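The values are calculated or read from the model by the stated rules, or taken from the named source; none is laboratory data. This one's a predicted model, so the numbers in the text were calculated from it and none came from an experiment. Ideal geometry is used to build each Cβ from the backbone, glycine not excepted, and the neighbour counts take in all protein chains shown.
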Amino acid sequence: METFVEEIYLGELTRQCDEAIGAVLRMNELLGQKENVAAEFFREATDLLQHTASASRLLWPPGGGNRERRERADRRGAHLRSSLQVADDHVLQNRRLRDHLEHYDERIDDWVESSPNRIIVDNIIAPRSAIGGDAIKDSDIMRLYDPSTLAFVFRGESFDIQSLVNGVADIRVRCLERLNELGPPTSGSPIHPNPRITPTLAVRSVQSEREP
């Protein structure tokens, strides 16, 4: 891949990470307010997942499409992962939570067919134990964030948000390091982001150090 082209991909990857980080910082602010923030909090959480998924797709392109485009995308993803030394089991590779929210209509369809009591709970910021009643099953709880464990739970499936945020910070640092290795921006390519220490990202203090 030409240096000029790689810089463009890395610039976009960095921007998506920055947008994801911005969403987390807003989530932190909302949690600090404590009251009447659930709707806005989950809106920011969705924003986090969308930008994380956009970064993920640059590195691990989805399947589908015609063969030529799929192979072209696979080559791009493989080059970027190699250039950034990103392992295939990196946390950003998993887009399952984002897919739940992206295809929320289908998840409601599933709930309609499977819920024995037709009770639905959504947009909850609290531990699962705060929701009482034997009639409410885990699969009845659509979106729950547990501040004590930093987990986003969707219909009983738990996702570690802290791990995801650490992964975003890791990819961002790798991008900045690689852009510095490539030298001054090639004519016509994006301006290299200024290397800097990423602010505290998640609901508890986390520094943006590269994952081992």
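Does Asp134 count as among the acidic types (Asp, Glu), under 15 Å from Phe42 (Cα atoms) and at pLDDT below 95?
no
If Glu19 satisfies every condition in (1) at pLDDT 95 or above; (2) more than 20 Å from Asn123 (Cβ to Cβ) but one, which is the exception?
(1)
Quick one: how many residues across the stretch 135-189 are more than 21 Å from Arg81 (Cα to Cα), touching an Asp or Glu at 6+ places or on another chain (Cβ under 9 Å), free of Cβ contacts under 8 Å to residues at least 40 places away in the same chain and hydrophobic (A, V, I, L, M, F, W, C)?
5
Are any residues in the stretch 1-17 of a type in the set (Asp, Glu) and in contact with a helix residue (DSSP H, G or I) (Cβ under 7 Å, 6 or more places away or on another chain), and if so, which ones? So that I can check it myself, show each step before the final result.
So in the stretch 1-17, the residues of a type in the set (Asp, Glu) come out as 2, 6-7, 12.
The answer is Glu6, Glu7, Glu12.
Looking only at the stretch 23-39, filter to residues that are part of a helix (DSSP H, G or I) and in contact with a strand residue (DSSP E or B) (Cβ under 8 Å, 6 or more places away or on another chain); which one of those is farthest from Leu164 (Cα to Cα)? Walk me through how you get there before you give the answer.
The initial filter retains those residues of the stretch 23-39 that are part of a helix (DSSP H, G or I), namely 23-33, 38-39.
Next cut, in contact with a strand residue (DSSP E or B) (Cβ under 8 Å, 6 or more places away or on another chain) only: 31, 38.
Numbers: Leu31: 18, Ala38: 20 Å.
Within the stretch 23-39, the match that is farthest from Leu164 (Cα to Cα) is Ala38.
Of His90, His100, His51, which residue is buried (at least 17 other Cβ atoms within 10 Å of the Cβ), modelled with pLDDT of 95 or more, within 13 Å of the chain's Cα centre (by Cα) and farther than 20 Å from Asp170 by Cβ? Can you show your working first?
Working: His90 fails: farther than 20 Å from Asp170 by Cβ; His51 fails: farther than 20 Å from Asp170 by Cβ.
Going through His90, His100, His51 in turn, just one is buried (at least 17 other Cβ atoms within 10 Å of the Cβ), modelled with pLDDT of 95 or more, within 13 Å of the chain's Cα centre (by Cα) and farther than 20 Å from Asp170 by Cβ: His100.
Are any residues in the stretch 21-37 surrounded by 17 or more Cβ atoms within 10 Å (Cβ to Cβ) and among the small types (Gly, Ala, Ser), and if so, which ones?
Within the stretch 21-37, Ala23 is the sole residue that qualifies.
Any residue at all in the stretch 108-119 that is under 27 Å from Arg174 (Cβ atoms) and outside any loop (DSSP other than H, G, I, E, B)?
Going residue by residue through the stretch 108-119, those that are under 27 Å from Arg174 (Cβ atoms) are none.
No, because not a single residue in the stretch 108-119 is under 27 Å from Arg174 (Cβ atoms) and outside any loop (DSSP other than H, G, I, E, B).
Just one of Arg43, Arg96 is out of contact with any Phe, Trp or Tyr (no Cβ under 6 Å at 6 or more places or on another chain), without any contact (Cβ under 8 Å) to a residue 60 or more places away in the chain and closer than 20 Å to Leu150 by Cβ; which is it? Reasoning before the result, please.
Values: Arg96 fails: without any contact (Cβ under 8 Å) to a residue 60 or more places away in the chain.
Within the list Arg43, Arg96, the selection yields Arg43.
Looking only at the stretch 120-138, count how many residues are acidic (Asp, Glu) and in a helix (DSSP H, G or I). Spell out the reasoning first.
Filtering the stretch 120-138 down to residues acidic (Asp, Glu) leaves 122, 134, 138.
Keeping just the survivors that are in a helix (DSSP H, G or I) gives 138.
Residues that pass the stated criteria total 1.
State whether the residues of the stretch 57-67 include one that is closer than 23 Å to Ala151 by Cβ, under 13 Å from the mean Cα position of the chain (by Cα) and at pLDDT 90 or above.
Checked against the condition, which is being closer than 23 Å to Ala151 by Cβ, under 13 Å from the mean Cα position of the chain (by Cα) and at pLDDT 90 or above, the stretch 57-67 yields no hits at all.
Select from the stretch 132-165 the residues that are over 15 Å from Met27 (Cα atoms) and among the aromatic types (Phe, Trp, Tyr) and write down the one among them that is farthest from the chain's Cα centre (by Cα).
Phe154
I need the full set of residues from the stretch 40-61 which are part of a helix (DSSP H, G or I) and among the hydrophobic types (A, V, I, L, M, F, W, C), in order please. Steps first, answer last, please.
We begin by selecting, within the stretch 40-61, every residue part of a helix (DSSP H, G or I); these are 40-59.
Result: Phe41, Phe42, Ala45, Leu48, Leu49, Ala53, Ala55, Leu58, Leu59.
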